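Below: one structure, written as structure tokens.
The values are calculated or read from the model by the stated rules, or taken from the named source; none is laboratory data. In this text the structure is predicted, and so the values were computed from the model without any measurement. Here the Cβ is made from the backbone with ideal geometry for all residues, glycine too, and neighbour counts use every protein chain on show. Side chains included, ligands, DNA and RNA excluded: accessible areas come from the protein's heavy atoms. Shrake-Rupley method; radii C 1.70, N 1.55, O 1.52, S 1.80 Å.
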Amino acid sequence: MALPLPPGLTPSEVGFLCEMEHVTVIPRQTLDGLELLGGPTGALKPPLPTPLPLWLALLLKKQRRANITPPPWLSVEALTQILDFETDERTAELFSPLPDLPPATTTAPLEGDPYLAHDSLELSAPFLKDAATARAQADALPYHWLEIGHLLITHAADDFDDLDAVRKLLRDLREVRMSKLRKGFEVLDAGGGVKMNGVGGMEIAEVRGFVGGVVDGLRRLNRSREESRKERETEERENGLGSSSYRDDEDEDML
Amino acid sequence: MAPYYSPTAILTDAQKAPTTFSLAVPALSHSPLNNNSGTPITPATTLDLPLWLAEMLAVSRPSGPASAPLATLDMPSALGPKVMNALTADSTSVELRQQAQWFYGLGERMLELFEDEEMGAVLLNTFKKRALEIADKAQNTRTAQQGGDSGDFMSGLDETERQLFRAAHDGTHTVKRWFEATSRG
């Protein structure tokens, strides 16, 4: 009521949060390890590559104290391969796959309930361990691919081999995926779902307002039908229980 | 009941529906409800009352559960058979705003009172088809502002659809602005 913003992250917030991802940096000057809130960063000893959070990497880059290594999936070959996958007709329903999730590091103390474990640290998107460092997977787009890609080509332009090609490929990828998302709008229904494995953070933020509004409107229109269906279901269930008297009749017959 | 403080719900309930009184109410003859005319409200008068008032009258039973309600509620013309047929034929060409400013809200309230499965299905289909159109238009706002032929559809959207359009447009717009902002820094 009081806060006019819609629920969920806005695109600018997603763009801000992506700077928490780690990227590989090649330092040019030494720097001691920093004790950041998110965890300690390694000491910078040139020319050893070190992973650092993106915001810090961008800052050092601006001060010319470091160079950023583009992650493997942000190269011309990798992006071309992913773009071919996306534009292939056979994958019109899917998005390119996510990087593999790390194997589970703990076993759950309760059978089949990892959420209740005190010390389980199951990592999942968006902040996987090596999403954008030099050890990232080269054939999958991590959750923040669009934001990280854009920030790197803007601020670390000289670290790329072929900047224009990368920029063009990023733009093409974005258009292809957005058109796939929009085609998914057609199957929106009050109780339906769309398969969105592999969609990135910025893409979700873009369509969140619209899709949320449509699904909510459909839910409201469907409300009376849902309620009558639920009433019918509970009635049937009660009638089903009542039919256990069938067995009582049999017993009486046996006597 | 609709949430108390929501302006959407208040405006939706303020829309009118035809109500037929089943008893005489002489004291209200000069009220604005009767268009300030002096004609007495006899048991067969039909007036257009706002939904919140009409629902209360239609649902209340003053002398106990067996008696007849004070008034009977009919389907407003915005949801009548003519509009329903037009929507089944071509959902995107009907000007919903002309029928009722909060069309889907009106439909929702009516579906609560009358259980009309067919009307529910028609409304759902209409909503889905028009939502697709809105998504298309939100992408190409540049041409929409210049062109005039898409103005008919846009002016025919009811309030909920306008909010949808704004949400879709805002999404794309904010992303574009973020890209520009980060390109500068």
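Mind listing just one residue for me: the one in the range A:77-107 that is at pLDDT 65 or above and farther than 12 Å from residue A:173 by Cβ and, of those, least open to solvent (accessible area, probe 1.4 Å)? Once the filter is applied, the top-ranked residue is A:88. Scanning the range A:232-255 for residues that are open to solvent by 90 Å² or more (accessible area, probe 1.4 Å) and modelled with pLDDT of 80 or more yields a total of 5. Put simply, of B:89, B:121, B:78 the only residue that is facing chain A (nearest Cβ under 10 Å) and on the phi < 0 side of the Ramachandran plot is B:121. Here is a check on your reading of the model: is residue A:31 within 14 Å of another protein chain (Cβ to nearest Cβ), over 23 Å from the mean Cα position of the chain (by Cα) and over 30 Å from residue B:166 (Cα atoms)? Here the answer is no, as residue A:31 does not meet what is asked.
Can you confirm whether the range B:161-178 contains a residue that is closer than 18 Å to residue A:221 by Cα, modelled with pLDDT of 80 or more and open to solvent by 20 Å² or more (accessible area, probe 1.4 Å)? Yes, the range B:161-178 contains at least one residue that is closer than 18 Å to residue A:221 by Cα, modelled with pLDDT of 80 or more and open to solvent by 20 Å² or more (accessible area, probe 1.4 Å). I'd like to know if the range A:57-67 contains one or more residues that are surrounded by fewer than 16 Cβ atoms within 10 Å (Cβ to Cβ), among the hydrophobic types (A, V, I, L, M, F, W, C) and within 22 Å of residue A:163 (Cα to Cα). Looking for residues that are surrounded by fewer than 16 Cβ atoms within 10 Å (Cβ to Cβ), among the hydrophobic types (A, V, I, L, M, F, W, C) and within 22 Å of residue A:163 (Cα to Cα), one finds at least one in the range A:57-67, hence yes.
Yes/no matrix, rows are residues, columns are (1) more than 7 Å from every other protein chain (Cβ to nearest Cβ); (2) at pLDDT 80 or above; (3) open to solvent by less than 60 Å² (accessible area, probe 1.4 Å):
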{"site": "A:166", "(1), (2), (3)": "yes, yes, yes"}
{"site": "A:177", "(1), (2), (3)": "yes, yes, yes"}
{"site": "A:197", "(1), (2), (3)": "yes, no, no"}
{"site": "A:211", "(1), (2), (3)": "yes, yes, yes"}
{"site": "A:224", "(1), (2), (3)": "no, no, yes"}
{"site": "A:230", "(1), (2), (3)": "yes, yes, no"}
